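Structure first, commentary second.
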Amino acid sequence: MLKKAAVIFLGFIMLLTLTACPDKEQSDQQKNMEKIPNTMYKASNELEQIITLLGGPMFSGRDSIEQMKNEQLQMLLETTQKYTTGTYDKEQILPSGGTEKGEQQQKEGSKSEKQGEENAQGEEQDNTKENGKKNEEGQGEEMQQEKGNDSSSEKDKGGQEKATEQNIEKENSGEKVDSQKPESEENKSFQYEDSLFGIPQWHDDNWKMIKVLTDGMHFTWNNLQPELIKKGVSQTQIENFNKALAALSQNVSAKNIMAAQNSAFELSQVLADFYSYYKTDIPAELPRITSGVTGIHFSVKQNDWAKAQELANQLQQEFAKLKAGAEDNQNHIFQMLELSINDLCSAVYNQDSVLVIIRTNLVNSNIRELESKLSQKQE
């Protein structure tokens, strides 16, 4: 009996130790997880805003996208209701085929015609008396105007001759002659016809907001750089980020939209690589996929389909790595992400710019949802 009791007791202890091992392994894994610096998140947030303002995709979750859609529908419904009530409610159709408003206008018109005839008769008599005086005064004024015109024309000729002489002197001395161009041509705003839900992405103040965010990124980058050096990020990657950020500032100052888009995309690529130095529950492939989506969006806007297809191939490779390393790649959110990436690549291969714009935003929305779920798991 004692032997049986001892065997049962030992078996019970072994069972407890075996069941406790997975929990211990999970706790050890959580302890080994690293925290990404807040300055890294700040840099990502600033860059995402810049990308969106430059006509790129949005980086919002499904709740924000749904709210934006509802607000746009509400605004369109209000404008439609104002139009219909303004054209049909006030003008009630009469049996005769006209409208109440039309009959009132006809009555008012007949009254005004009668009054106009009476006033015209009285005015004709007064005008005959005043015409004689005006003719005499007009002859004197014409003589004075002719003298003034002669003197002003001489002054204009003298001013033009002086201006041309000054310009010739400047050209001979090597100075540039100021050529005034219309402000509308120099500061021509960049616009996109296609956008998600038909909401205009480009406004007159976009360049100003982009400049504020770009200038702020220099301060954020200066704060983040020591953290990355301590983490072991290579000097080449740091230099790449420095060059891309400097190029972005220059292109924003010059208001060169395509060059600014390319610089923002390069920044997103380097920043995505920085995330791979930190071990977290959010896989390193997700930032790279987000960067690839940005590149595809900008390439299609620039009508560079060859580059867009190249980035689509890289996007599928990154997702294959993500799927292979994911613990649960069959959950609903993960499947939505997989389907949206496949649909995006299909639109790129078919060179369908309308679907590309919709699906880049869709992929980013699914990435947000997946990141949110993984962050909750980490907590």
If r is the Cβ-Cβ distance from Ala306 to Gln81 and R0 is 51 Å, what FRET efficiency results, to the nearest 0.05? 0.65
Binned Cα-Cα distances of segment 281-379, short to long, each 10 Å bin given as a whole percent: 17, 52, 25, 7, 0
Just how many pairs of Lys in segment 281-379 have C-alpha atoms closer than 30 Å, counting pairs that are eight or more places apart or on different chains? 8
If you plug each phi of segment 73-78 into the Karplus form 6.51 cos²θ - 1.76 cosθ + 1.60 with θ = phi - 60°, what whole-Hz ³J(HN,Hα) values come out, in order, with x for Gly and Pro? 4, 4, 5, 5, 5, 5
Sorted by packing (mean other beta-carbon atoms within 10 Å per residue), highest first, where do 352-363, 253-264, 195-206 land? 352-363, 253-264, 195-206
Cα gyration tensor of segment 200-350, axes a ≥ b ≥ c as square roots of the eigenvalues: rounded (a/c below 1.5), prolate (a/b > b/c) or oblate? oblate
Read phi for every residue in segment 340-346 and hand back ³J(HN,Hα) as whole Hz from Karplus 6.51 cos²θ - 1.76 cosθ + 1.60, θ = phi - 60°, with x for Gly and Pro. 5, 5, 4, 5, 5, 4, 5
Where does segment 194-277 land on the Kirkwood hydrodynamic radius, alpha-carbon pairs, in angstrom? 14.0
Could you derive backbone 3J(HN,Hα) for segment 59-72 from the dihedral phi with the Karplus parameters 6.51, -1.76 and 1.60 (θ = phi - 60°), listing whole Hz in sequence and x where the residue is Gly or Pro? 10, 10, x, 5, 5, 5, 5, 5, 5, 4, 4, 5, 5, 5
Protection proxy ranking of 212-220, 233-241 - average other beta-carbon atoms within 10 Å, highest first: 212-220, 233-241
Computed about the Cα centre, the charge dipole of segment 197-278 from +1 Lys/Arg and -1 Asp/Glu charges at the Cβ has a magnitude in debye, to the nearest 20, of 80
About its Cα centre, what dipole magnitude does segment 281-379 give when the only charges are +1 on Lys and Arg Cβ and -1 on Asp and Glu Cβ, stated in debye to the nearest 20? 200
Inter-probe distance in nm under a simple model that places probes 7 Å from Cα toward Cβ, at His218 and Ser64: 2.7
Extension gain Ser353-Gln335, at 0.36 nm per residue separation less the Cα-Cα distance, in nm? 4.1 nm
Say each of Thr236 and Asn256 gets a label point 7 Å from the Cα, pointing the same way as Cα to Cβ; how far apart are those two points in nm? 2.6
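All of the numbers you see were taken from the coordinates with simple rules; none came from a lab. Predicted, not measured: the structure shown is a model, and the values here were computed from it. Cβ: placed from backbone, ideal geometry, glycine included. Neighbour counts: every protein chain shown.
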